[in-house]
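Take a look at the structure set out below.
We did not get these values from a lab; they are worked out from the coordinates using the rules stated. These numbers come from a predicted model, not from an experiment. Counting neighbours? That spans all protein chains shown, and the Cβs are built from the backbone with ideal geometry, glycine included.
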Amino acid sequence: MKVSAKAHPNIALIKYWGKRSIPLNLPAVGSLSITLGTLETTTTIEPATGEEAYYLGGERVCGQEEKRLRAFVDMLRIQGANKAPLLIKSHNSFPTAAGLASSASGFAALTMALYRYLDLPLTIQGLSEAARQGSGSACRSIHGGFVEWRRGEDDDGSDSIAVPLAHAGWWDLKVLVCVLARGKKAVGSREGMALTAKTSPMFQGYVDGQEADLDTARQALLHRDFDALAKVSEASCLKMVSTWLTTYPPLFYWRPETYAVILKVQKLRQAGYPVFFTTDAGPHVKVICEGSVAEEVEARLKAWPEVLEVLNCPVGGPATVETLP
Ligand code: PMV
């Protein structure tokens, strides 16, 4: 038997940064995301002829990364009857580990594939719980459209699940991912979050304001109120960035090009275009706009010298899985 799963990355509009439990990978705050169509991770699982092996983009995964994957696979394998070694191959249609949320789509696709291959009972809670332990934001990629990952209160994390808020067709928004640099980021999000929670004096302020931001974003989504979503999303991103800058040692995920592009996006909005920015733990800027102006905005972004490439993404659907002959 062979299974193949696909999942899209997502980007948070209301940001998750920091954990309430490191071992269970539970977030200090809830978050709200938009799923990025077009970009995707495809993961296949089949029986291994020799030892268990994992491949990403055609290259064998080794060292710490292999250990992390193995622990994840074992966590689910223990729940099923099939204990045989697996051959797992993953491929991203976009640059890996550069702040483009490849871990989100990667662990969402892997979770879906393992659930099918190991014949585990599919429940929203189970999928969220599993994907989240691979990478927090991965639980949001199980669903399509606009998704909220609830912080939850329970110590065992059973109420910290991702739930869909609106399907992909609800609002014709486009995410224009501006790639500003090549290469992997210096500090991973796990390490960065732990440092921030420990050392940043701004961290508590960001946590305290999160519920209000989530509420504003939910309302903006419900009423398709672009200006309200723009305002609260940019504020959430900047609050997260303020915690990075006040972490010790400071986390400089942004580069001068990031600031330059953000200032230009703000000018576009002042000129009347429905656009706003967000970023994740990397230098790239994601520009969100109304679908009606996406082509024009994309043409403008491509003309800016800081922008190496623009990936134009509609709102994407949920993760899927199929059994291959
Ligand atoms: O899911 P992780 O551990 O890769 O963390 C994601 C952190 C941010 O992308 C910066 C914010 C978010 O909510 O996705």
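Equivalent ellipsoid of the chain: semi-axes from √(5λ) of the C-alpha gyration tensor, largest first, are 31, 22, 19 Å. Positive-end ranking of H91, Y115, Y273 along the dipole of the chain, with charges on Cβ about the Cα centre, is headed by H91. Magnitude of the charge dipole for the chain, about its Cα centre and with charges confined to Cβ atoms of Lys, Arg (+1) and Asp, Glu (-1), is about 620 debye.
When each of the peptides 49-59, 213-223 is scored by the mean number of other C-beta atoms lying within 10 Å of its residues, the order from highest to lowest reads 213-223, 49-59.
Under the criterion of Cα pairs below 8 Å and six or more residues apart, the relative contact order for region 104-185 equals 25 percent. Across region 46-85 the C-alpha pair distances fall into 5 Å bins from zero in the proportions 6, 20, 28, 29, 14, 4 percent. Relative to the current alpha-carbon distance between I22 and L308, full extension at 0.36 nm per residue lengthens the span by 99.4 nm.
Using R0 = 22 Å, the C-beta based FRET efficiency linking D74 and S158 works out to 0.60.
Under 17 Å of direct C-alpha separation, and excluding same-chain neighbours fewer than eight residues apart, K89 reaches these lysines: K2, K6, K67.
A simple charge model with +1 on the Cβ of Lys and Arg, -1 on the Cβ of Asp and Glu and nothing else charged puts the dipole of region 1-124 at about 300 debye relative to its Cα centre. Among A48, A108, A28, determine the one that fluctuates most according to a GNM of the chain built with springs between C-alpha atoms less than 10 Å apart. So, out of A48, A108, A28, the one fluctuating most is A48.
Per-residue ellipticity at 222 nm computed for the chain from its helices equals -12000 deg cm²/dmol, with DSSP H segments shorter than 4 residues left out and the rest contributing -39,500 (n - 2.57). In plain terms, the chain from A48 to K83 could stretch by 11.5 nm, reckoned as 0.36 nm per residue minus the Cα-Cα distance. Take the Cβ-Cβ distance between L263 and A212 as r, set R0 to 25 Å, and report the resulting FRET efficiency rounded to the nearest 0.05. E between L263 and A212, to the nearest 0.05, is 0.40.
When +1 charges are put on Lys and Arg Cβ atoms and -1 charges on Asp and Glu Cβ atoms, the dipole computed for region 180-319 relative to its Cα centre reaches about 420 debye. Label reach from A271 (point 7 Å along Cα→C-beta): in region 166-182, no amide nitrogen lies under 15 Å.
Toward the positive end of the charge dipole of region 181-253, with +1 on the Cβ of Lys and Arg and -1 on the Cβ of Asp and Glu, the farthest Cα among G183, A197, L222 is that of G183. Restricting region 109-191 to trypsin sites (Lys or Arg not before Pro) that sit in a DSSP loop and have at most 12 other Cβ atoms within 10 Å of their own Cβ leaves R182, K184. Here the simple spin-label model places points 7 Å from the Cα toward Cβ, and for E290 and T246 these points are separated by 3.6 nm. Going from the fewest other Cβ atoms within 10 Å to the most, the residues F226, F94 appear in the order F226, F94.
Straight-line reach only, C-alpha to C-alpha below 26 angstrom: list the lysines that K302 could link to, leaving out same-chain residues fewer than 8 apart. Partners within reach: K174, K184, K185, K231, K264, K267, K286. For region 66-161, the set of GluC sites (Glu not before Pro) satisfying both a DSSP loop assignment and a count of at most 14 other C-beta atoms within 10 Å is given as E153.
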